[in-house]
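What follows is a single structure, written as structure tokens, with notes after it.
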Amino acid sequence: MASVPAPTRVGEMRPGDHLLLGYEADEERETVVAAFLLDGLASGHRALVLGPSDLPAELALTFLESRGCPVGGELAAGRLTVDPHLSTAEGLWDLDEVIRRETRRAVGDGYLGLRVSMEIMREQAGRGLKTLHDSELLLEPVFASLPVLGICQYDRRVFGDLELAPLDALHRGRVAADLVWHDGLLSITRTFAPPGLALAGEVDDSNVTALARALRDETARVRARGTTGPDTRLDLRELAFIDVGALRLLVYTALSLHASGSALALHGVAPHIRRLMRVTGWDRIPGLRLDEGNVRQNALP
């Protein structure tokens, strides 16, 4: 079975990248696209949003406004543009020409390049997705020859895995949200379906503060979603080692969440971690939920 290449983190994108985002939650799409566009504005690029519907620009970009971007000012200055081209039935037919023209226009206006966000709708894809395939095929020469970066967004609740697989070959890979933390020992990644954090590697006293920050921010996001009695979820399936100090942090977090009516849910807890928590009694802490799940086979004993 062929291995799946690791996705490119959105902050690692370079001119010429034409990447695919297959998302399962609107929060995932907004997180990746917002970082992509805001990075572009900070890097001297014009940002072009090709949306799937003919919405007023300010309404289409509320997810940027909520992240501190002065959308009205960026639109007025021409640094940020919204084009309803993809909301038309013919939107895919000349997409390559639109991006080629807008990239040259951006460079002519003094920008260092163009960033293009494209949301693809199922009804535009054509029978057997042929129109979509043809359009994506024509885009590659544009990205290969001009200072342009692009993300094509596909809702995985609408496009199935078997449909998206052939599209991978028409892109230079997939894109994912930036890592929350990475230090050579520990990687912390946001997950979106279900929402939470995933830990990979080792947690010790050198990076436990990074975990504390990530937990604080994720807890704030959970509360902002406004659901009743939400859990803050941690996926530990790729965690090889966690020291006692970091476990104490999880216990402290669980007790704090319990006091506010929620909980800390740990998924994929390795057997040796469960044993330690059972011996210490931490597995019975109010607000802490443990699920063994599908743990790593080579987790440290």
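The values are calculated or read from the model by the stated rules, or taken from the named source; none is laboratory data. What you see is a predicted model, and the numbers here were worked out from it, not measured in a lab. When we count neighbours, we look across all protein chains shown, and the Cβ atoms used for this are built from the backbone with ideal geometry, even at glycine. Each accessible area value is taken on the protein alone, full model and side chains, heavy atoms only, with ligands, DNA and RNA left out. Shrake-Rupley method; radii C 1.70, N 1.55, O 1.52, S 1.80 Å.
Some observations on this one:
- Residue check for V82: of a type in the set (V, I, T) and part of a strand (DSSP E or B): yes
- Of all the residues in segment 281-294, those that are over 24 Å from the mean Cα position of the chain (by Cα) and open to solvent by less than 60 Å² (accessible area, probe 1.4 Å) number 7.
- For L199: the one exception among (1) open to solvent by 60 Å² or more (accessible area, probe 1.4 Å); (2) in a strand (DSSP E or B); (3) not hydroxyl-bearing (S, T, Y): (1)
- Every residue from segment 247-301 that is of a type in the set (A, V, I, L, M, F, W, C) and modelled with pLDDT under 90: V295, A299, L300
- In segment 216-237 there is no residue matching the filter, namely being of a type in the set (G, A, S), in contact (Cβ under 8 Å) with a residue 12 or more places away in the chain and open to solvent by 50 Å² or more (accessible area, probe 1.4 Å).
One line per residue, one yes/no per condition, for (1) at pLDDT below 95; (2) over 30 Å from T103 (Cβ atoms):
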{"site": "F143", "(1), (2)": "no, no"}
{"site": "Q153", "(1), (2)": "yes, no"}
{"site": "F159", "(1), (2)": "yes, no"}
{"site": "D178", "(1), (2)": "no, no"}
{"site": "L186", "(1), (2)": "no, yes"}
{"site": "R190", "(1), (2)": "no, yes"}
{"site": "L199", "(1), (2)": "no, yes"}
{"site": "D204", "(1), (2)": "no, yes"}
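- The set of residues in segment 26-53 that are surrounded by fewer than 17 Cβ atoms within 10 Å (Cβ to Cβ), part of a loop (DSSP other than H, G, I, E, B) and modelled with pLDDT under 95 contains only S53.
- Considering G73, G110, G91, the condition of being out of contact with any strand residue (DSSP E or B) (no Cβ under 6 Å at 6 or more places or on another chain) and assigned to a helix (DSSP H, G or I) is satisfied by G73 alone.
- Summed over segment 93-123, residues that are modelled with pLDDT under 85 and open to solvent by less than 20 Å² (accessible area, probe 1.4 Å) total 1.
- From P166, P141, residue being in a helix (DSSP H, G or I), over 27 Å from T81 (Cα atoms) and touching a residue at least 24 places away in the same chain (Cβ under 8 Å): P166
- Selection over segment 151-186 of residues that are among the β-branched types (V, I, T) and open to solvent by 50 Å² or more (accessible area, probe 1.4 Å) gives a count of 2.
- Taking the conditions (1) within 28 Å of R275 (Cβ to Cβ); (2) modelled with pLDDT under 95; (3) crowded, with 17+ Cβ neighbours inside 10 Å in turn, L211 satisfies each one other than (2).
- Cβ separations smaller than 6 Å between residues 6+ apart or across chains give the following pairs from segment 33-46 residues that are under 13 Å from C69 (Cα atoms) to residues that are assigned to a helix (DSSP H, G or I): A34/F63; A34/L64; A35/V10; F36/V10.
- Counted residues, segment 1-25 - those being open to solvent by less than 20 Å² (accessible area, probe 1.4 Å) and assigned to a strand (DSSP E or B): 6
- Between E74, E65, the distinction of being open to solvent by 90 Å² or more (accessible area, probe 1.4 Å) and without any contact (Cβ under 8 Å) to a residue 60 or more places away in the chain belongs to E65 only.
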